[in-house]
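The numbers here are math on the coordinates, done by the rules we state, and not lab data. Values in this document were obtained by computation on a predicted structure and should not be read as measured data. FYI the Cβ positions are ideal-geometry reconstructions off the backbone, even for glycines, and counts take in every protein chain you see.
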């Protein structure tokens with residue numbers, strides 16, 4: 001599968017039920033990881049969308065099992081539709097969700113109304129905004145040391 005299809009599958013799996021805005025927010029966050037010039041993603045991703053998406057432990061949709069239980073919601077089961085390719089192309093070509101911006105590196109679904117103040121759990125990101133079901137986080141200065 002090529003990078004574009006992998007990205008479209010990830011968008012569908014991670015945010016397919018959140019409308020175009022939710023999908024664009026997730027896609028923006030993923031692309032921000034490919035463009036960041038410091039920290040873990042600059043070192044491990046090196047500008048490659050595939051390396052960012054396939055980095056272990058980053059996206060639940062890339063896991064076939066979660067906590068030892070099969071994960072039916074994964075990129076291999078998520079057949080993308082035209083809208084998912086459109087959002088992927090939009091993000092690859094420089095689209096940035098205005099609510100998320102160009103610095104956000106993480107998102108998560110807390111499955112509750114309130115977003116935790118920090119994420120990921122090593123506390124390198126601070127809560128920035130919420131778009132639909134997902135909370136978005138910008139890097140703290142400590143992220144540069146990761």
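List of remarks:
- Within region 124-146: backbone nitrogen closer than 13 Å to the residue 118 label point (7 Å, Cα to C-beta): 124-127, 140-143
- Only helical runs count toward this figure. For the chain, summing -39,500 (n - 2.57) over DSSP H runs of n ≥ 4 and dividing by all residues gives -11000 deg cm²/dmol at 222 nm.
- With the simple spin-label model, which puts each label point 7 Å out from Cα in the Cβ direction, the residue 81 to residue 21 separation comes to 2.0 nm.
- Protection proxy ranking for 91-102, 131-142, using the average of other Cβ atoms within 10 Å per residue and placing the highest first: 131-142, 91-102.
- The Cα center of region 73-146 and the Cα center of region 12-50 differ in position by 7 Å.
- Cα-based equivalent ellipsoid of the chain: semi-axis lengths in Å, sorted from largest, via gyration tensor: 21, 17, 16
- As a proxy for reagent exposure, 64, 124 were ordered by neighbouring Cβ count within 10 angstrom, fewest first; the result is 64, 124.
- Between residue 146 and residue 55, the modelled labels are 0.7 nm apart [label points 7 Å from Cα along Cα→Cβ].
- Panel order for 76, 106, 90, by other beta carbons found within 10 Å of each beta carbon, from fewest to most: 76, 90, 106.
- At R0 = 22 Å, FRET efficiency that the Cβ-Cβ distance of residue 37 and residue 109 yields, to 0.05: 0.20
- As a rough footprinting exposure proxy, the listed residues 38, 121, 107 were ranked by other beta carbons within 10 Å of their own, and the order from fewest upward is 121, 38, 107.
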